[in-house]
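> Pasting a structure here, questions to come.
Read-outs throughout are calculated quantities, based only on the coordinates presented, and are distinct from any laboratory measurement. Predicted, not measured: the structure shown is a model, and the values here were computed from it. Cβ placement follows ideal geometry from the backbone for every residue including glycine, while neighbour counts extend to all protein chains displayed.
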Amino acid sequence: MSIKAIWIYFRLSRPTGDFKDHSGLNFGFSQRVKRPDINRLNPFVDRSNPDFITSGNPNLKRVVINTAQIGYHFTKKATVNISLAFNSANGLDLPIAIFNPVNNVTSTTYQNIGNVTGLGGNVNINYPITKQWNFTLNGNSQYFWLSGPVNGIMQNNDFVTLSISTTTGYSFNNGWRANVTVAINGRNPTGLQGSSNGFTSSSVSVNKQIVKNKLTFSAAARNPFEQYRTSTTLTNGSDFTQTNVNQVYFRSFSASLNYNFGKLKDGVKKNKHGINNDDN
């Protein structure tokens, strides 16, 4: 049986005078198929840490996700987009951790046992402060209700997520442009039993077009004020609590000099091959 996504999209917009400044309102409903990641399907059993064994599950099934959305946008000097969305899915593939008190070993795999409902909103603002200086803001917040059985015991994990990213850029008269970005990412659920900690990130970049449409120089510093990022994942079961701490190098610097040779004259040919997903 072929899986087909169902898309229903309504759009309502009125000219200036009814909805001011070319604003618009839209409604939408969609169904999409989510298939498990290849790492979750891999049956290999990782025993590199004998106290924490992990493996995939090749019997995982695809899941249908339903989404209903309403959005509003308007443009004056600033461009603003605001949207609200409701999502739901049953049988979502989620990690399951089970602790064995006999040998003190925690085994983690994936199962189609998660029922999830989410309600969230998104805000996008693009504001040109001057002709040379602009500002953008992206914000997203979601509230999740997750439930499902783990080792025969019903688990619930209600969770609020939040992410904010802001960028400002300035174009100088001599052809240089500088950009600064700051992002805040809140905690996120890792499944029915746990969550991962939030973190902040930042970046500064400059670029200059030395030869118009030919030679461009750019440089960037990412997370210059934070050398390492510490990732902490908490997992709570009915009879255990597990904390996994991982630290990675977070700071990086880069510089590049790009030169474009010639022009692309011939059109890009479309790939005639396709993929037919046929799930039973």
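> With springs only between Cα atoms under 10 Å apart, run a GNM on the chain and tell me which of Q142, Q247, Q69 wobbles the most.
Greatest mean-square fluctuation among the candidates belongs to Q247.
> Between the stretch 223-256 and the stretch 180-197, how many Å separate their Cα centres?
So the separation of the two Cα centres works out to 11 Å.
> Under the Karplus relation 6.51 cos²θ - 1.76 cosθ + 1.60, θ = phi - 60°, what is the ordered set of whole-Hz ³J(HN,Hα) values for the stretch 221-227, x standing for Gly and Pro?
Once θ is set to phi - 60°, the couplings for the stretch 221-227 become 10, 10, 6, x, 9, 9, 6 Hz.
> In the stretch 6-259, how many lysine pairs have Cα atoms under 20 Å apart, counting only pairs 8 or more places apart or on different chains?
Count of close lysine pairs: 6.
> Which shape class, rounded, prolate or oblate, goes with the stretch 59-199 when its Cα gyration tensor gives a ≥ b ≥ c as root eigenvalues, a/c under 1.5 marks rounded, and past that a/b bigger than b/c marks prolate?
Working: a/c = 3.78, a/b = 2.14, b/c = 1.76.
Note, shape of the stretch 59-199 comes out prolate.
> Taking the convex hull of the Cα atoms, report for the stretch 120-240 its projected area averaged over all directions, in nm². Present the calculation step by step, with values, prior to reporting the outcome.
Working: hull surface 43.1 nm².
One quarter of the hull surface, i.e. the mean projection, equals 10.8 nm².
> Also: So for each of 98-108, 191-201 I average, over its residues, the number of other beta carbons within 10 Å; can you give me the resulting order with the highest mean first?
Details: 98-108: 12.5, 191-201: 18.5.
Going from most to least packed, we get 191-201, 98-108.
> With each run of n ≥ 4 DSSP H residues scored as -39500 (n - 2.57), what mean residue ellipticity at 222 nm is computed for the chain after dividing by its residue count and rounding to the nearest 500 deg cm²/dmol? Present the calculation step by step, with values, prior to reporting the outcome.
Details: 1 runs with 4 residues, N = 280.
The helix contribution divided over the chain gives 0 deg cm²/dmol.
> On to the next question. Rounded to whole Å and sorted largest first, what semi-axes of the equivalent ellipsoid does the C-alpha gyration tensor of the stretch 37-140 yield via the square root of 5 times each eigenvalue?
Numbers: eigenvalues 385, 69, 27 Å².
Each semi-axis is the square root of five times an eigenvalue, giving 44, 19, 12 Å.
> Can I ask one more? Near T235, within a Cβ-to-Cβ distance under 14 Å, what is the net charge of the other residues, with Lys and Arg +1 and Asp and Glu -1? Let's see the in-between values first.
Numbers: positive: R187; negative: D51, D239.
Once all neighbours under 14 Å are counted, the net charge is -1.
> Please tell me the relative contact order of the chain in percent, rounded to the nearest whole number, where contacts are Cα pairs under 8 Å and at least six residues apart. Don't skip to the answer; put the middle values down first.
On the way: 668 pairs, mean separation 31.5, N = 280.
Computed value for the chain: 11 percent relative contact order.
> Right, here's the next one. So if I take the alpha carbon set of the chain, get Rg, then get Rh from the Kirkwood formula, what is the Rg over Rh ratio?
Working: Rg = 24.0 Å, Rh = 23.3 Å.
Expressed as Rg/Rh, it is 1.03.
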